[in-house]
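I have placed the structure first, in the form of structure tokens, so that the comments after it can refer back to it.
The values are calculated or read from the model by the stated rules, or taken from the named source; none is laboratory data. If you're wondering where the values come from, they're calculated on a predicted model, not measured in any experiment. Cβ atoms come from the backbone with ideal geometry, glycine included; neighbour counts cover every protein chain shown. Heavy atoms of the whole protein, side chains included, go into the accessibility calculation; ligands, DNA and RNA do not. Shrake-Rupley method; radii C 1.70, N 1.55, O 1.52, S 1.80 Å.
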Amino acid sequence: MRFQDFHRQSIEQPDIFWAEQAKLIDWERPFDKVCDYSKPPFANWFVGGRTNLCHNAVDRHLKARADQNALIFVSTEVDREQVYTFAQLHAEVQRMAASLQALGVKQGDRVLVYMPMIPEAAFAMLACTRIGALHSVVFGGFASVSLASRIDDAQPTVIVSADAGSRGGKVVPYKGLLDEAIRLSSHKPAKVLMVNRGLADMPMTPGRDVDYSALREQHLNTTVPCVWVDSTHPSYTLYTSGTTGKPKGVQRDTGGYAVALAASIKHIFLGKPGETYFSTSDIGWVVGHSYIIYGPLIAGMATIMYEGLPIRPDAAVWWSLVEKYKVTSMFSAPTAVRVLKKQDPAALKKHDLSSLRALFLAGEPLDEPTAKWIADALGRPIIDNYWQTETGWPILTICNGIEQAPSKFGSPGKAVYGYDVKLLDESTGEELKGANQKGVVAIEGPLPPGCMQTVWRDDERFVKTYWKSIPGKLVYSTFDWGIRDDDGYFFILGRTDDVINVAGHRLGTREIEESISSHPNVAEVAVVGVADQLKGQVAMAFAVLKDTSKAATPEAALKLEGEIMKVVDEQLGAVARPARVRFVTVLPKTRSGKLLRRAIQAVCEARDPGDLTTIEDPTALQQIKDLVAGR
Ligand code: AMP
């Protein structure tokens, strides 16, 4: 079939199109209506249908592939490799589900998962959806303040965590950060379920903390059936950064998500049941949810869960896994490729990669040198795909499962089936139909199955933030700039808001600013994202001090910079730490007091800052220019 026709049908006859895709999963009760869009922008998919994510990911494969690999855990941090078949995964998920139930978790409750990349994290996620509870995974790299705000928003009954993670051979203790987060949060979980890896101290709070291994022992043979839930029942929330400091809980449904993932594995990621999928992401991010856990498993594929760096013990480690487990689809981020690029390219030639159909990259712009390098080194197709936490699966890519099409360097590809993507003028909302015009990448409602249902407990924020940012229209904004060429290929040109993308990790500059401002000597601060060769972008901070004598000498300034970075590390986590914190006496603002972030960013990247007629104090930008130039 021609992709163009496939896409057209998905937009013009969505009911027929998605009813067909819905056959890819099991339903306990068939749906009555494919899509209810009677209250835009809220879309309800597969209304009346009942299903369960865990059933589709695990139980339904027991008949055909109970003894085939399901979860392949590889840690080069603690030197462990363990393979769970579908039958073993089924058993472990039930043990975890029974444990959660024993701790009082019921359908609709939230369970916050704050864990390193270990099998128990996957068991916990699947156990939640098995019993109709919502998981809310918080990336293990986040520290107490980030975690506390998510605890308060999700209000979990139980938190599942572990003593520690490990990165580059260094133990990263979790328990202290978790205890501090619970101390800071207003909501207190009833119980904390702890997995002890024996890596770090794990002081237990009596009455609250429970050791998982002991509880698991009591439930070795407990059967926990899947709870059939409505297709629209929320399966999870996942926090992501936006313009304001407060993270948004992206809420996902059940049936639409299962269908969207099953279809994407077939049409985009070229995976088939019985094969192996390897995504190098982390369960704390959306790629981990969709393409480490649910997508591959729903498709009956084995999935590799990897704890470790791409270059440890050597740069061939990922490729050795591709060879060993005959990986057919691999998913990573451009940053990881840029890390590999610094290593000996021979590492990629050491292993037989013939099983691999393609390497899929996403999360940040894929620059041409990186794309060319990895394409040459691997000798396999490289497929860029563009999407967001909010959508849960690709918006733009090349759907080679439908029709083979060439990729273009610098472009993630065309609008994926189900997505009616438009480029809109930011100020008038008018559609830009001509080629090569720059506009905001927007999606006409309804969003296809699998995308966010709403912001957790905040429908108003969902409507206001995502659907009303473009004047005169109820349309979903991605907050990315883009252009489209004559052939329908899109090119993404960066965010329209204050979100930055560091090594594929999405961070809100406001969150970092709030954290820096909590340092007693900081009066005001601006954080911007600045282009970086390795990480794509890094955060750069410019702070006005209350007491400038504390940074009077270069040594003192450096010491203060280190102190401020430590505050960010402790509150948000090292992922959010700015590359530099520089001190200025005034920040560039408009006369009405708005920070001129785009001008600061332009100066940091040695670009023209553009129209500065509204700037209050032109010396402010000069100070930043001088600092950047090292004067
Ligand atoms: P996240 O929600 O963390 O996945 O971040 C989503 C954002 O990352 C998007 O809005 C884009 O700004 C950026 N992004 C993701 N994938 C790509 C891609 N393939 N090319 C360019 N930017 C991307």
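Numbers for the structure displayed
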item	result
Computed over the stretch 579-631, the ratio Rg/Rh where both radii use C-alpha atoms and Rh is Kirkwood	0.93
For Ala70, distant residues with modelled amide H under 5 Å away	Tyr84, Thr85, Phe86
Size-normalised alpha-carbon gyration radius of the stretch 36-134, reference 2.2 N^0.38 Å	1.27
Violating pairs (Cα-Cα greater than 24 angstrom) within the set Lys266/Lys349; Lys23/Lys266; Lys408/Lys464; Lys248/Lys473	Lys266/Lys349; Lys408/Lys464
Peptides 593-604, 400-411, 227-238 ordered by average Cβ neighbours within 10 Å, highest first	227-238, 593-604, 400-411
Cα convex hull volume per residue for the stretch 357-503 (Å³)	122 Å³
Charge tally in the Cβ shell below 9 Å around Thr496, where Lys, Arg are +1 and Asp, Glu are -1, Thr496 excluded	-2
Accessible surface of the stretch 25-176, 1.4 Å probe, proportion on carbon and sulfur as whole %	46 percent
Cα convex hull volume per residue for the stretch 330-434 (Å³)	133 Å³
Ordering of 139-150, 421-432 by burial proxy (mean other Cβ atoms within 10 Å per residue, highest first)	139-150, 421-432
In order through the stretch 617-626: 3J(HN,Hα) via Karplus (6.51 cos²θ - 1.76 cosθ + 1.60), integer Hz, x for Gly, Pro	9, x, 5, 4, 6, 4, 4, 5, 4, 5
Long-range HN-HN contacts of Leu545 with modeled amide H, under 5 Å	Ala523, Val584
Karplus-derived 3J(HN,Hα), 6.51/-1.76/1.60, for each residue of the stretch 108-121, Hz, glycine and proline x	x, 6, 9, 10, 8, 10, 10, 9, x, 7, 10, x, 4, 5
Hull-based mean projected area of the stretch 1-94, where the convex hull spans the alpha carbons, in square nanometres	10.0 nm²
For the stretch 194-277, convex hull of alpha carbons as volume per residue, Å³	253 Å³
Nearby lysines by direct alpha-carbon distance to Lys559 (threshold 26 angstrom, same-chain neighbours under 8 apart not counted)	Lys170, Lys535, Lys546, Lys550, Lys625
D (Stokes-Einstein, µm²/s), Kirkwood Cα radius, the chain, 1.002 mPa s at 20 °C	85 µm²/s
For the stretch 371-472, size of Cβ-based charge dipole, Lys and Arg +1, Asp and Glu -1, in debye	260 debye
Estimated 222 nm signal from helices in the chain, with DSSP H stretches of n ≥ 4 weighted -39500 (n - 2.57), rounded to 500	-8500 deg cm²/dmol
Accessible area expressed per residue, the chain, with surrounding protein chains retained (probe 1.4 Å, Å²)	38 Å²
With all protein chains modelled, accessible area of Lys372 [1.4 Å, Å²]	90 Å²
Listed peptides 497-509, 205-217 by packing density, highest first (mean Cβ within 10 Å)	497-509, 205-217
Too-long pairs where the Cα-Cα distance tops 20 Å, listed order kept, from Lys438/Lys594; Lys33/Lys63; Lys39/Lys468; Lys106/Lys175	Lys438/Lys594; Lys33/Lys63; Lys106/Lys175
Relative compactness, the stretch 104-211, computed as alpha-carbon Rg over 2.2 N^0.38 Å	0.98
Largest-first principal axis extents, alpha carbons of the stretch 449-553, Å	56, 37, 26
Under 15 Å, Cβ to Cβ, from Ile615 - net charge with Lys/Arg +1 and Asp/Glu -1	+2
D_trans [Stokes-Einstein, Kirkwood Rh over alpha-carbon pairs] for the stretch 152-299, 10 °C, 1.306 mPa s, µm² s⁻¹	87 µm²/s
Net charge, Asp36 excluded, C-beta distance under 13 Å - Lys, Arg +1, Asp, Glu -1	-2
Share of carbon and sulfur in the accessible heavy-atom surface of the stretch 479-522 [1.4 Å probe, %]	50 percent
The stretch 507-631 - Rg over Rh from alpha carbon coordinates, Kirkwood radius	0.94
Cβ charges +1 (Lys, Arg) and -1 (Asp, Glu), total dipole of the stretch 91-207, debye	100 debye
In Hz, Karplus ³J(HN,Hα) per residue of the stretch 374-382 (6.51, -1.76, 1.60; θ = phi - 60°; x = Gly, Pro)	6, 5, 5, 5, 7, x, 10, x, 10
